[in-house]
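What follows is one structure encoded as structure tokens, with my remarks underneath.
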Amino acid sequence: MIFVILFFLLHWYLSLFSQTFFQHRYAAHKAFDMSKGWERFFFFFAWLTQGSSYLSPRAYGIMHRVHHAYTDTELDPHSPSYHKNLFAMMWRTKNIYSDILYERTAIEPRFTKNVPSWKGFDMFASSWGSRVFWIGVYIALYLLFAPSAWFLILVPIHAVMGPLHGVIINWYAHKYGDVNFETDNTSRNLFKIDWLMFGEGYHNNHHVYPSRSNFAAKKGEFDPCYPLILMLNKLGVIKVNHSLQPA
């Protein structure tokens, strides 16, 4: 039982870290800089931690920039305002993401500027072979270490961890929660202390300050990813763009 809990939590939070740190704050918003070598390292780290639900930093970054440019309009890749349910929204998001990943759609140049790109690795990490490999790893770990085969019901959650994280924010954080800042969109903050989504739950804050490294903005809020960003900045792995950080 302890293994099941630890493995699930590790996958949940390591996958979230890759998404919020690398694909979101770095690829989409350039809240900090890093060398090409560290960039390639975090490509691999994202594949290692997200596994079967690996998200291409390039495709994610472009799609997320489109989301900010067209929030809550018909051009938004994922808006609850234009979908009857979260599954319909997820399906449209998946199709738009795939079109960007496989270069089946024209993209405005403003959305592609300085987005990290490693096409060969993205094609490998996004392949069905890679995804099936990781699902096999999840099944094997549960068969070997879980106290009962019933725990295999958790495997589908592991398999779609990335999209699951995305729908929590893209659906629920545009429908429920609190507002720190008045905006022209439906973004909300899901939590006062974001223990579940590693800072991503401060969605209203983020829409106001999209390039800010710290998604927490008010007294009593805490972004668990931010101390890691400060540590990596101090170690020289990244360089925070202080000019983009509001007081």
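For segment 91-132, the Kirkwood estimate of the hydrodynamic radius, built from every pair of different alpha carbons, is 11.6 Å.
Given the Cα atoms of segment 168-207, and with Rh set as the inverse mean 1/r over their pairs in the Kirkwood sense, what is Rg to Rh to two decimals? Rg divided by Rh gives 0.91.
Accessible area per residue for segment 108-247, computed on protein heavy atoms with a 1.4 Å probe, is 54 Å². For segment 115-130, putting each phi into the Karplus relation 6.51 cos²θ - 1.76 cosθ + 1.60 with θ = phi - 60° gives couplings of 6, x, 9, 8, 4, x, 5, 4, 5, 5, 5, 9, 6, 5, x, 5 Hz, in residue order, rounded to whole numbers and with x for Gly and Pro. With one equal scatterer per alpha carbon and no solvent term, the Debye-computed log10 I(q)/I(0) for segment 146-247 at 0.14, 0.18, 0.20 1/Å reads -0.64, -0.90, -1.02. Across segment 78-164, counting alpha-carbon atoms alone, Rg and Dmax equal 17.0, 52 Å. What's the long-distance tail for segment 33-77, i.e. % of Cα pairs beyond 12 Å? Percentage above 12 Å: 67. Applying D = kT/(6 pi eta Rh) to segment 90-227, where Rh is the Kirkwood radius over alpha-carbon pairs, T corresponds to 25 °C and eta to 0.890 mPa s, the Stokes-Einstein value obtained is 138 µm²/s. Taking the square roots of five times each eigenvalue of the Cα gyration tensor of segment 188-247, the equivalent ellipsoid has semi-axes of 20, 13, 9 Å, listed largest first. Net charge dipole, the chain: roughly 380 debye, given to the nearest 20, about the Cα centre with Cβ charges of +1 for Lys and Arg and -1 for Asp and Glu.
Shape analysis of segment 57-110 yields a ratio of the Cα radius of gyration to the Kirkwood radius, Rg/Rh, of 0.95.
Backbone amide hydrogens, once placed in the peptide plane, bring ASP33 within less than 5 Å of LYS239, VAL240, ASN241, excluding anything fewer than 5 places away on its chain. Computed with the Debye formula from one identical point scatterer per Cα of the chain, without solvent, the log10 of I(q)/I(0) at q = 0.07 Å⁻¹ comes to -0.23. Using a 1.4 Å probe on the protein heavy atoms only, what accessible surface does ARG92 show? Give it in Å² to the nearest 10. ARG92 exposes around 80 Å² with every protein chain in place.
For PHE222, the amide hydrogen comes within under 5 Å of the amide hydrogens of ASP194, counting only partners 5 or more places away or on other chains and with H modelled in the peptide plane. By the Cα gyration tensor, segment 1-137 has an equivalent ellipsoid whose semi-axes, rounded to whole angstrom, run 24, 20, 15 from largest to smallest.
The values are calculated or read from the model by the stated rules, or taken from the named source; none is laboratory data. In this text, all values refer to a predicted model and were calculated from it rather than measured experimentally. Quick reminder, even Gly has a Cβ in these numbers, built from the backbone with ideal geometry, and neighbours come from all protein chains shown. Surface accessibility is based on the protein's heavy atoms, side chains included, excluding ligands, DNA and RNA. Shrake-Rupley method; radii C 1.70, N 1.55, O 1.52, S 1.80 Å.
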